[in-house]
C-alpha cells in the first residue's frame, strides 16, 4: 500500500509574508516546491490584483459559499470577514496518492484540519510565520506593554502598505478590511504554540526585501532558509522557534 502523503501547513496573520515565502521557495528551491501539491481553498472575497482563479483561490460569491456549508466533508469558516472553504474528501484523495500537500493561509483552517477525525492519521508538518519573535514578546512582557495592541498596529501598517502598493487609492471597504485583518492577528498568534515550528519574520508582504534585489535579503532571507531547512528535515536552530502555550499573553 502506497504511504499517505504529508500535509504541510504554513500559517500566520494576513500580510505576514506567507505568499512571498512560498514564491521564494518555488524560485530558489524548486526541487522542494515541485514535490508538493499546492492546496487551493474556496474564498468569498474579491480577487486582488495579480491573483488567479484556481491557483490562488477558487473565488466564489458569498451566497455560493453559503450553499457549501451543509456539504458533506466540507469545512467552511468565517475568516477575517471572508468565508473560506476546503473539501476534505478532495484533500484526502490527493494525500492518498502519496502526494505531499502544501497549505498556505490563515491558522484557523489548519486547526479545523488537525481537529478533524478524518485527518487523524495524516502526517502533518505545521509551520507558523510570525511578525514577532519569542525574544521580542518576552521583552515586551517585561515592560508590561500591551502586546496585542502593538501587533494590531504592526499588521495594520503592513496591510496599509500592501494595499496601497496594489491599488494606489484605497476605498472605505479596503480600510474596513485592513481593520478586520489586523484586529484578527492577536487571536491568530495565540495559535502559534500549537505549530511544530514558528519562524519570526518582520519582512511581510509589504517589504521590498523579497524581490527588489533579485534575491531575498534580511528577514526574508532567514525565513526562506529556515522554511527550506524544515522541509528538508533539518533542525533550523538559528531561526526556527518553539512557542510555549503561556508565551502569548491572555
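The values are calculated or read from the model by the stated rules, or taken from the named source; none is laboratory data. All figures in this text were calculated on a predicted structure; none of them were measured in a lab. Here the Cβ positions follow ideal geometry from the backbone for every residue, glycine too, while neighbour counts run over all protein chains shown.
Among the residues making up the stretch 209-249, those that are out of contact with any helix residue (DSSP H, G or I) (no Cβ under 9 Å at 6 or more places or on another chain) and part of a helix (DSSP H, G or I) are 222, 225, 226, 229, 230.
Can you find a residue in the stretch 113-123 that is more than 28 Å from residue 244 (Cβ to Cβ), assigned to a helix (DSSP H, G or I) and in contact (Cβ under 8 Å) with a residue 12 or more places away in the chain? If you could, list the steps in order and put the result at the bottom.
From the stretch 113-123, those more than 28 Å from residue 244 (Cβ to Cβ) are 118; that's our starting set.
Right, trim to assigned to a helix (DSSP H, G or I) and you get 118.
Of the ones still in play, those that are also in contact (Cβ under 8 Å) with a residue 12 or more places away in the chain are 118.
Yes, that holds for at least one residue.
One residue stands out among those in the stretch 205-219 that are over 15 Å from the mean Cα position of the chain (by Cα) and closer than 26 Å to residue 100 by Cα: the one that is surrounded by the most Cβ atoms within 10 Å (Cβ to Cβ), which is 210. For the stretch 195-204, the count of residues that are at pLDDT 95 or above, surrounded by fewer than 16 Cβ atoms within 10 Å (Cβ to Cβ) and on the phi < 0 side of the Ramachandran plot is at least one. Of the residues examined, residue 76 is not one that is over 22 Å from residue 183 (Cβ atoms), in a strand (DSSP E or B) and touching a strand residue (DSSP E or B) at 6+ places or on another chain (Cβ under 6 Å).
Every residue, every condition in (1) more than 24 Å from residue 238 (Cα to Cα); (2) within 19 Å of the chain's Cα centre (by Cα); (3) part of a helix (DSSP H, G or I), yes or no:
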site	(1), (2), (3)
104	no, yes, no
111	yes, yes, yes
126	no, yes, no
132	no, yes, no
137	no, no, yes
151	no, yes, yes
156	yes, yes, yes
170	yes, no, no
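When each of 4, 94, 55, 8 is tested for being outside any strand (DSSP E or B) and under 16 Å from the mean Cα position of the chain (by Cα), the lone residue that passes is 55.
Looking across 36, 65, one residue alone is crowded, with 19+ Cβ neighbours inside 10 Å, at negative phi and free of Cβ contacts under 8 Å to residues at least 40 places away in the same chain. It is 65. Give me the pairs, please: first residue somewhere in the stretch 210-228 and within 14 Å of residue 199 (Cβ to Cβ), second residue anywhere and modelled with pLDDT under 95 and part of a loop (DSSP other than H, G, I, E, B), beta-carbon distance under 6 Å, and either six or more positions apart or on two chains. Listed pairs, sorted by first residue: 222/239; 226/236; 226/239; 226/240. Residue 107 meets each of the listed conditions (1) surrounded by fewer than 16 Cβ atoms within 10 Å (Cβ to Cβ); (2) touching a helix residue (DSSP H, G or I) at 6+ places or on another chain (Cβ under 9 Å); (3) in contact (Cβ under 8 Å) with a residue 24 or more places away in the chain apart from (1). Can you tell me which residue in the stretch 24-33 is nearest to the chain's Cα centre (by Cα), limited to those that are closer than 16 Å to residue 55 by Cβ and crowded, with 18+ Cβ neighbours inside 10 Å? Among those residues, the one meeting the criterion is 25.
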